Each structure stands twice: as C-alpha cells, then as structure tokens.
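Worksheet for the structure shown next.
The values are calculated or read from the model by the stated rules, or taken from the named source; none is laboratory data. From a predicted model like this one, the values you see are computed outputs, not experimental measurements. Using ideal geometry, Cβ is built from the backbone for each residue, glycine included, and neighbour counts are taken over all protein chains shown.
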Amino acid sequence: MGVSRSSPEKGISVVTVDWPPVNALPVRGWFALADAVREAGRDPEVRCVVLAAEGRGFNAGVDIKEIQAAGQEALIGANRGCAEAFAAVYECETPVVAAVQGFCLGGGIGLVGNADAVVASEDAVFGLPELDRGALGAATHLARLVPQHLMRTMYYTGRTASAAELHGHGSVWRVVPRARLPVAALELARLIAAKDGRLLRMAKSALNGIDPVDVRRSYRFEQGFTFEASLSGLADRVRDTFGKEGV
C-alpha cells in the first residue's frame, strides 16, 4: 500500500498509487504522490513519467473519513496535499501520461487534468462529485478535459463522463480494454521518451508558459470556498450524509 516508483524501460518512470480499498488518499498519500512525481521529473535519465494506479479505480479523491475524524486539521492538510500533488504533475519537468482505469473522481480529476496526455480503459469514468461531498474544487482541471458548458453541467449535477466521451472531446489519447491499459500507456510514453531529453524539458516549460490559466492559483481560489463551506458547518452536514452512503 502506498506510492511507488518503477522503471520498466530506459527513459520512463512509472509512479503507481495503491491505496486500498478505492485509492481515496489520506493527507500523507497526497504528499507522497507529489514527492514521487517531482523526484521522477528531476531524474535526468527520465524523459516521460507515467502516472498509474492499482485496484478498482484510478483515484476516488480525498479520504472523507479522515476529514470527518480529524476535522479542520485534516481539511487543511488535504487542501495543501492535493494542491501539491496536482502541481507536481503539472510542473513535472518531463511530460506526464496518466493511465486511468475505473473511476477517476474528485482529486483524480485534478491529477489527470494536469497531466500532459491521458490513456484510459474502456471502463474509465470521470467526474467531480464534490457538491455531494461537502467540497468545491478541481473545476480548474475538469475544464481542461471537457468543454466549458459540459464542465459546468457535470460539476452541478455530479454526473460522470465515460472515457469514450472524453476521447470524443480530444482529451483522452486512446481508449483500450482494461487489460491493455499498462501496455498502451507505455507505448505512448515510449514515443515521447524517444525524443531528446533536454528538448522535451524545454517543450514542457514552453507549453506550461503559454497556458491561458494559472492552474495552481485557480485551484487554490476554488479551495477557499471549500474551507468557507467547512467553517460554516455546511460541509459537515453534507459529508455526514455521504458517509452513510459509502463509495
């Protein structure tokens, strides 16, 4: 259980999250993920990072039970941890390919929305059930995956979009059977890693530099409303309802 790194072949580093039962990360998990991605990106031998996960789904967001148990301290930690993990993916010195299976919810959208490319399994679904969790956030990243009005509709309703839908919008590179996901992600990473390493790093910096939205600042702005909802007691009432439903 935890976050691990592996090097399946030259120039590629795979960062894998395995946090049973549903990859809903506690505070320490988000910081561990951020550290692993940054470490991989700083390695001069790495030209592409693959972000993957074990288990039923890619990511189910933050550990709601931890926040319910520890209150404001855990909320602050989760806010900071998510911000660091999302930023680590976006600011990684090399391109990041997200390999998504099953559910990609909440914080998972933050990770995938900040990745450079996405490969998904046929059973992958993407969504932000934040309003049902007593939180706000990651619309910044969902807006990088779907058009504006669809993003707003998904945000307000909590509905998910399939991998096929996102492929239709151009944000998912390939949709493959689940058993082929690791292979498909490595195939794309291999194409990227075949380029000159120094030039790849320059390209990553250049593409981030021309982005129209400052994703770190935009996400932190969203998080302010999450904290406001928590201070008012509104978030606790919503989270208590969610806790009875399970995942």
| note | Counted residues in the range 203-241 being surrounded by 12 or more Cβ atoms within 10 Å (Cβ to Cβ), closer than 25 Å to Ile12 by Cβ and hydrophobic (A, V, I, L, M, F, W, C) come to 2
| remark: Of the residues in the range 130-157 that are in a loop (DSSP other than H, G, I, E, B) and modelled with pLDDT of 95 or more, the one that is surrounded by the fewest Cβ atoms within 10 Å (Cβ to Cβ) is Pro147
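When you check Val175 against the structure, is it part of a strand (DSSP E or B) and at pLDDT 95 or above, yes or no?
Considered against the rule, which asks whether it is part of a strand (DSSP E or B) and at pLDDT 95 or above, Val175 comes out as yes.
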| query | Would you say Phe31 is more than 28 Å from Val176 (Cα to Cα) and buried (at least 19 other Cβ atoms within 10 Å of the Cβ)? | reply | yes
| message | Checking the structure you have, find out if any residue of the range 144-159 is more than 26 Å from Glu54 (Cβ to Cβ), touching a residue at least 24 places away in the same chain (Cβ under 8 Å) and in contact with a helix residue (DSSP H, G or I) (Cβ under 6 Å, 6 or more places away or on another chain). | response | yes
| task | For the range 200-220, indicate whether the set of residues that are in contact (Cβ under 8 Å) with a residue 24 or more places away in the chain, closer than 22 Å to Phe126 by Cβ and either touching a strand residue (DSSP E or B) at 6+ places or on another chain (Cβ under 7 Å) or aromatic (Phe, Trp, Tyr) (or both) is non-empty. | result | yes
| query | Can we say Tyr155 is among the hydroxyl-bearing types (Ser, Thr, Tyr) and within 20 Å of Ala189 (Cα to Cα)? | reply | no
| note | Filtering the range 114-129 down to residues that are in contact with a Pro (Cβ under 8 Å, 6 or more places away or on another chain) and assigned to a loop (DSSP other than H, G, I, E, B) yields Asp116, Glu122
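For (1) touching a Cys at 6+ places or on another chain (Cβ under 9 Å); (2) assigned to a helix (DSSP H, G or I); (3) hydrophobic (A, V, I, L, M, F, W, C); (4) modelled with pLDDT of 95 or more, each residue gets a yes or a no:
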residue	(1), (2), (3), (4)
Arg38	yes, yes, no, yes
Glu45	no, no, no, yes
Leu75	no, yes, yes, no
Ala83	no, yes, yes, yes
Ala87	no, yes, yes, yes
Ala99	no, no, yes, yes
Cys104	no, no, yes, yes
Val112	yes, yes, yes, yes
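Yes/no matrix, rows are residues, columns are (1) under 11 Å from the mean Cα position of the chain (by Cα); (2) surrounded by 21 or more Cβ atoms within 10 Å (Cβ to Cβ):
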position	(1), (2)
Arg42	no, no
Gly55	no, no
Asn59	yes, yes
Ile67	no, yes
Asn79	no, yes
Ala83	yes, no
Phe86	yes, yes
| query | Does any residue in the range 1-18 that is charged (D, E, K, R) and at pLDDT 95 or above come within less than 8 Å, Cβ to Cβ, of a residue that is part of a strand (DSSP E or B) and surrounded by fewer than 19 Cβ atoms within 10 Å (Cβ to Cβ) six or more places away or on a different chain, and which pairs are these? | reply | Arg5/Thr16; Asp18/Gly2; Asp18/Ser4
| remark: Here the residues within the range 158-172 that are part of a loop (DSSP other than H, G, I, E, B) and either of a type outside the set (Lys, Arg) or under 19 Å from Ala229 (Cβ atoms) (or both) are Gly158, Thr160, Gly170, Ser171, Val172
